[in-house]
Structure formats: C-alpha cells, structure tokens
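Any read-out appearing in this document is the output of simple, stated calculations on the displayed coordinates, not a laboratory observation. From a predicted model like this one, the values you see are computed outputs, not experimental measurements. Here Cβ is always computed from backbone atoms with ideal geometry, including for glycine, and neighbour counts include all displayed protein chains.
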Amino acid sequence: MGQRNYNLDVELLLADGAAAVTADGVSQVGGAAVTLQLGPGRFEGVLIIDVSAIDISSADEVVNLILQGSSAQAFSSNEILAQYTLGATAARPGGAVSSVIGRYEIPFITEQHDTVYDWVRLYADVGGTTPSITFKAWIAERY
C-alpha cells in the first residue's frame, strides 16, 4: 500500500502552508482567502492535505478541515462536501488515533442532493488549548 501521486495544479491550490493555522477561518494562499470555481457541472475530486506540523501537546486539540461548496462565489449559503478531523485521540470523534504529519486524501463530489455546488473553499475550525496546524491543500481530479 502507498499513497497515490497527484499533480499539484496551482490553479487548484487552497492552502499554501506558509503559516500555521491557529484560529477558525478560510484557508489562504499568499495571505488571501481562497475560493475556487470547479464548475459548471458535477466534479469528482480528491482534497489533498499535506500536514507538515500539528500541535496536539495538550491532548485536547482538534482541527476540522471542511470543504465547503456553494452555488455562489459570495458563499451566501454553503454545503459541506467533505470533512476530515485531525487532532489528539481524546478530541477526535470515535477515539481515532492521534493525527501525525503526512498526507491525507479525502474524496468528494460537488453534487449533493441534486444540487451542484460550483464554488469551493476550505474552512478550518480549530479547538483545544493550543491548536496549531501547518498544511498545504489542493484539489486533484479523482481517477
């Protein structure tokens, strides 16, 4: 078993890993929040998260990485297309093992309940005593 190789298309970059994420918010590239248009039409992809650092030292840190989809660029309403939770064992749902640095691959589809969400963004929801995570994230077409 091994990870698949995905080409990094800079046009599909959601987070550049330039700074640690320590608060809730939309991921950034070059210091600016990123939204991408994947449409029109249904898109089947993989959200690639390359974690280079994560702080779980207090054993209560948790980071929910949420790929949000919207029908409008302004994200006046949105739907969750994919979600992955990283953190300490005690803070992760179901008692999953503590997260480590490395690659996480999360498949998704932009069509949910007969609605196509052409616009996507990655939102980080962090919690715990000293939450901090550094990662690069991008979208690759699923094959």
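For this structure, a couple of remarks:
- For the stretch 116-131, a residue qualifies if it is hydroxyl-bearing (Ser, Thr, Tyr) and either within 20 Å of ALA72 (Cα to Cα) or assigned to a strand (DSSP E or B) (or both), and the qualifying residues are TYR117, TYR123.
- The stretch 32-68 - residue that is assigned to a strand (DSSP E or B) and acidic (Asp, Glu) and, of those, surrounded by the most Cβ atoms within 10 Å (Cβ to Cβ): ASP55
- Among the residues here, THR134 qualifies as in a strand (DSSP E or B), under 16 Å from VAL21 (Cβ atoms) and of a type outside the set (Gly, Ala, Ser).
- Residues of the stretch 12-37 satisfying the condition of being in contact with a Leu (Cβ under 8 Å, 6 or more places away or on another chain) and within 13 Å of GLU141 (Cα to Cα): LEU12
- Of all residues in the stretch 69-115, those that are surrounded by fewer than 18 Cβ atoms within 10 Å (Cβ to Cβ), among the hydroxyl-bearing types (Ser, Thr, Tyr), part of a loop (DSSP other than H, G, I, E, B) and in contact (Cβ under 8 Å) with a residue 40 or more places away in the chain total 2.
- Contact annotation: residue pairs with Cβ atoms under 6 Å, 6 or more positions apart or on different chains, pairing a residue in the stretch 20-47 that is free of Cβ contacts under 8 Å to residues at least 24 places away in the same chain with a partner that is surrounded by 14 or more Cβ atoms within 10 Å (Cβ to Cβ) and not in a loop (DSSP other than H, G, I, E, B), are VAL29/LEU13; VAL29/ASP16.
- Tally of residues being surrounded by 17 or more Cβ atoms within 10 Å (Cβ to Cβ) and under 24 Å from ILE109 (Cβ atoms) across the stretch 7-25: 4
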